[in-house]
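Novice: Have a look at this one.
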């Protein structure tokens with residue numbers, strides 16, 4: 001290329017002349033393609049909201065409406081739902097909302113928050129950013145399997161290579177250790193009061209609780225690998241002991257519930273996200289027969305035990321009993337008075353999916369301002385119980401198991417007493433009586449079973465914890481048998497028959513969600529072909545984390 005030096009001199013002169021007024025021009029006409037530095041406290045609220053169901057409806061709460069059917073937390077109110085059948089909705093982003101949440105809503109926002117926090121010496125914000133990324137990467141990989149890791153967030157690319165799940169686990173732990181390093185730094189511009197400005201909807205600037213959150217992510221990362229030959233039960237126990245121990249430590253995304261839609265709980269009636277009605281989009285969900293039986297005494301693991309927590313989590317029917325809907329068949333196979341209310345408390349004698357005008361009859365995580373649990377003390381206790389049980393230390397397992405149930409009662413009593421009938425409000429006396437029932441908590445550790453641990457954990461994480469419950473159920477391949485009892489770990493859980501499964505499953509159960517359609521299948525198809533994601537039954541391919 002030839003240069004005209006005369007022209008270059010003219011341009012140089014113009015540049016010099018423009019320096020004096022450049023600041024005003026930049027302020028008046030900010031370049032949308034150039035990074036504008038934002039205070040970390042202005043970025044964190046949106047990042048935290050993406051850990052639940054954010055302003056655009058992206059996040060775990062969106063996807064749980066679909067994959068909750070895989071684990072039979074929920075079933076579809078009508079027949080032949082793609083998700084009741086462990087299938088997917090081809091050509092849509094249904095059930096792949098968290099993909100967008102991780103790479104976009106958290107993504108560059110969180111990267112910039114960490115970068116600017118380090119530049120500002122706001123070590124607490126940097127640590128929180130790493131903690132969120134560790135949690136998000138772990139959720140993403142257990143949900144989808146192979147994902148884009150090394151090339152993620154590279155704005156110079158339009159197609160991206162996928163990395164192995166094992167590599168993602170390594171990165172999760174690296175981020176956790178880095179998060180702890182930053183969270184342990186004090187001085188400079190680290191400040192509880194300033195962190196609270198951005199952290200108003202999670203921990204209100206409490207660094208000690210964010211450290212427990214990080215330890216909880218580490219505990220999950222070890223617990224999820226229970227099928228591996230090098231499974232480290234002691235690491236699970238160690239990190240759960242450093243993580244949340246009391247209900248006050250629970251990581252809860254909170255909602256202001258103002259007249260602005262995005263400030264309300266994604267599952268509450270104000271946002272009306274539980275009322276859709278197509279087979280591909282089963283957002284009109286009902287409690288399943290499995291959970292209703294488990295909490296009403298009809299499950300053979302806890303025969304005859306009426307769980308006092310049921311009124312908090314589930315809905316009664318017109319007959320005043322707890323019943324649920326079986327997969328694929330819809331609610332109309334039940335007698336009208338046996339059909340459970342929907343999660344907003346609307347009777348189903350004649351089916352209605354319309355959202356009520358208010359949430360005065362809504363409970364648990366289905367209210368407009370109900371907090372959404374991201375990670376809890378009850379989960380940590382049950383992980384500790386399972387790890388100790390698998391290690392052969394049943395005494396420790398029984399103590400942790402009992403603590404897991406107790407902490408779930410505490411969580412419900414502390415955060416979800418709203419709209420519960422007065423006669424059914426939980427108390428410490430009710431909790432202690434339930435824990436004294438030998439059909440629930442055996443008097444001898446020798447009588448504790450793996451089924452008890454996993455089923456009580458299933459109850460304690462009902463609805464909000466579906467991502468992790470699905471990870472648990474895949475570790476036990478849905479219907480694995482406990483070698484010590486010869487009985488199915490998830491007692492009485494029945495998977496769809498081969499003829500009831502989604503056609504593309506070819507008789508196999510679901511083990512992953514496909515990458516998001518409108519990014520990957522539209523723009524990254526060659527890479528999807530390389531990892532096998534263009535195959536009809538890709539969603540049935542078992543993931544590395546659950547393989548032996």
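The values are calculated or read from the model by the stated rules, or taken from the named source; none is laboratory data. What you are looking at is a predicted structure, and each value in this text was computed from that prediction instead of being measured. When we count neighbours, we look across all protein chains shown, and the Cβ atoms used for this are built from the backbone with ideal geometry, even at glycine.
Novice: If you go through the range 95-109 one residue at a time, how many are buried (at least 24 other Cβ atoms within 10 Å of the Cβ) and farther than 14 Å from residue 520 by Cβ? Please lay out each step first, then the result.
Specialist: Going through the range 95-109, the residues buried (at least 24 other Cβ atoms within 10 Å of the Cβ) turn out to be 95-99, 101-102, 106.
Adding the requirement that they be farther than 14 Å from residue 520 by Cβ leaves 101, 106.
So the count comes out to 2.
Novice: Also: Examine the range 215-235 for a residue that is within 20 Å of residue 117 (Cα to Cα) and either surrounded by fewer than 19 Cβ atoms within 10 Å (Cβ to Cβ) or in contact with a helix residue (DSSP H, G or I) (Cβ under 7 Å, 6 or more places away or on another chain) (or both), and state whether such a residue exists.
Specialist: Start the filter on the range 215-235 by keeping residues that are within 20 Å of residue 117 (Cα to Cα), which leaves none.
Scanning the range 215-235 turns up no residue that is within 20 Å of residue 117 (Cα to Cα) and either surrounded by fewer than 19 Cβ atoms within 10 Å (Cβ to Cβ) or in contact with a helix residue (DSSP H, G or I) (Cβ under 7 Å, 6 or more places away or on another chain) (or both).
Novice: If you don't mind, another one. Quick one: which of 340, 303, 356 is in a loop (DSSP other than H, G, I, E, B) and touching a strand residue (DSSP E or B) at 6+ places or on another chain (Cβ under 6 Å)? Full working, then the answer.
Specialist: Values: 303 fails: touching a strand residue (DSSP E or B) at 6+ places or on another chain (Cβ under 6 Å); 356 fails: touching a strand residue (DSSP E or B) at 6+ places or on another chain (Cβ under 6 Å).
That would be 340, the only listed residue that is in a loop (DSSP other than H, G, I, E, B) and touching a strand residue (DSSP E or B) at 6+ places or on another chain (Cβ under 6 Å).
Novice: Identify, please: which residue in the range 254-267 is part of a loop (DSSP other than H, G, I, E, B) and more than 17 Å from the chain's Cα centre (by Cα) and is, among those, surrounded by the fewest Cβ atoms within 10 Å (Cβ to Cβ)?
Specialist: Step by step, filter the range 254-267, then rank; the result is 259.
Novice: Related question: If residue 407 satisfies every condition in (1) under 15 Å from residue 461 (Cα atoms); (2) free of Cβ contacts under 8 Å to residues at least 24 places away in the same chain but one, which is the exception?
Specialist: (2)
Novice: So, one more: Given (1) in contact (Cβ under 8 Å) with a residue 60 or more places away in the chain; (2) surrounded by 13 or more Cβ atoms within 10 Å (Cβ to Cβ), where does residue 538 come up short, assuming only one miss?
Specialist: (1)
Novice: For residues that are in a loop (DSSP other than H, G, I, E, B) and free of Cβ contacts under 8 Å to residues at least 60 places away in the same chain, tally how many sit in the range 420-445. Give the steps one after another, and end with the answer.
Specialist: Looking only at the range 420-445, we keep the residues that are in a loop (DSSP other than H, G, I, E, B), and these are 420-421, 425-427, 436-444.
Filter once more, so that each one left must be free of Cβ contacts under 8 Å to residues at least 60 places away in the same chain: 425, 427, 436, 438, 441-444.
Number of matching residues: 8.
Novice: What do you reckon, is residue 88 modelled with pLDDT of 95 or more, within 22 Å of residue 465 (Cα to Cα) and surrounded by fewer than 23 Cβ atoms within 10 Å (Cβ to Cβ)? It would help to see each step written out before you state the result.
Specialist: Details: modelled with pLDDT of 95 or more: yes; within 22 Å of residue 465 (Cα to Cα): yes; surrounded by fewer than 23 Cβ atoms within 10 Å (Cβ to Cβ): no.
For residue 88, the condition - modelled with pLDDT of 95 or more, within 22 Å of residue 465 (Cα to Cα) and surrounded by fewer than 23 Cβ atoms within 10 Å (Cβ to Cβ) - is not met.
Novice: For a quick check of your reading of the model, give me the residue pairs whose first member lies in the range 247-261 and is at positive phi and touching a residue at least 12 places away in the same chain (Cβ under 8 Å), whose second is part of a loop (DSSP other than H, G, I, E, B) and surrounded by fewer than 18 Cβ atoms within 10 Å (Cβ to Cβ), with beta-carbon atoms closer than 6 Å and at least 6 apart or on different chains.
Specialist: 257/369
Novice: Mind telling me which of the residues 414, 424 ends up being closer than 30 Å to residue 270 by Cα, modelled with pLDDT of 95 or more and over 27 Å from the mean Cα position of the chain (by Cα)?
Specialist: On the way: 414 fails: over 27 Å from the mean Cα position of the chain (by Cα).
One residue alone meets the criteria, 424.
Novice: Kindly check whether there is at least one residue in the range 464-482 that is closer than 30 Å to residue 315 by Cβ and surrounded by fewer than 16 Cβ atoms within 10 Å (Cβ to Cβ). Don't jump to the end; show me each part of the working.
Specialist: Pass one, the range 464-482, residues closer than 30 Å to residue 315 by Cβ: 464-476, 478-479.
Pick out the ones that are also surrounded by fewer than 16 Cβ atoms within 10 Å (Cβ to Cβ) and you get 479.
Yes - at least one qualifying residue is present in the range 464-482.
Novice: Considering each of 519, 497 in turn, give the residue that is part of a helix (DSSP H, G or I) and farther than 14 Å from residue 143 by Cβ. Steps first, answer last, please.
Specialist: Working: 497 fails: part of a helix (DSSP H, G or I).
From the options 519, 497, the qualifying one is 519.
Novice: Regarding residue 381, is this residue closer than 24 Å to residue 467 by Cβ, part of a loop (DSSP other than H, G, I, E, B) and under 21 Å from the mean Cα position of the chain (by Cα)? Step through it out loud before you land on a result.
Specialist: Details: closer than 24 Å to residue 467 by Cβ: yes; part of a loop (DSSP other than H, G, I, E, B): no; under 21 Å from the mean Cα position of the chain (by Cα): yes.
When the stated conditions are applied, residue 381 does not pass them.
Novice: Mind telling me which of the residues 322, 255, 266 ends up being under 21 Å from residue 491 (Cβ atoms), in contact with a helix residue (DSSP H, G or I) (Cβ under 9 Å, 6 or more places away or on another chain) and at pLDDT 95 or above?
Specialist: Numbers: 255 fails: under 21 Å from residue 491 (Cβ atoms); 266 fails: under 21 Å from residue 491 (Cβ atoms).
Answer to the check: 322.
Novice: Now for a separate question. Residue under question is residue 283, and the condition is that it be in contact with a helix residue (DSSP H, G or I) (Cβ under 7 Å, 6 or more places away or on another chain) and closer than 30 Å to residue 504 by Cβ; does it hold?
Specialist: On the way: in contact with a helix residue (DSSP H, G or I) (Cβ under 7 Å, 6 or more places away or on another chain): yes; closer than 30 Å to residue 504 by Cβ: yes.
When the stated conditions are applied, residue 283 passes them.
Novice: Among the candidates 310, 298, 306, 336, single out the residue that is free of Cβ contacts under 8 Å to residues at least 24 places away in the same chain, surrounded by fewer than 17 Cβ atoms within 10 Å (Cβ to Cβ) and touching a helix residue (DSSP H, G or I) at 6+ places or on another chain (Cβ under 8 Å). Spell out the reasoning first.
Specialist: Details: 310 fails: surrounded by fewer than 17 Cβ atoms within 10 Å (Cβ to Cβ); 298 fails: surrounded by fewer than 17 Cβ atoms within 10 Å (Cβ to Cβ); 336 fails: touching a helix residue (DSSP H, G or I) at 6+ places or on another chain (Cβ under 8 Å).
Sole residue among the options that is free of Cβ contacts under 8 Å to residues at least 24 places away in the same chain, surrounded by fewer than 17 Cβ atoms within 10 Å (Cβ to Cβ) and touching a helix residue (DSSP H, G or I) at 6+ places or on another chain (Cβ under 8 Å): 306.
Novice: OK, next. What helices (runs of 4 or more DSSP H) completely inside the range 186-247 contain at least 1 residues that are within 23 Å of the chain's Cα centre (by Cα), closer than 22 Å to residue 471 by Cβ and at pLDDT 95 or above?
Specialist: On the way: elements: 192-198, 207-223, 233-242.
In the range 186-247, the matching helices (runs of 4 or more DSSP H) lie at 207-223, 233-242.
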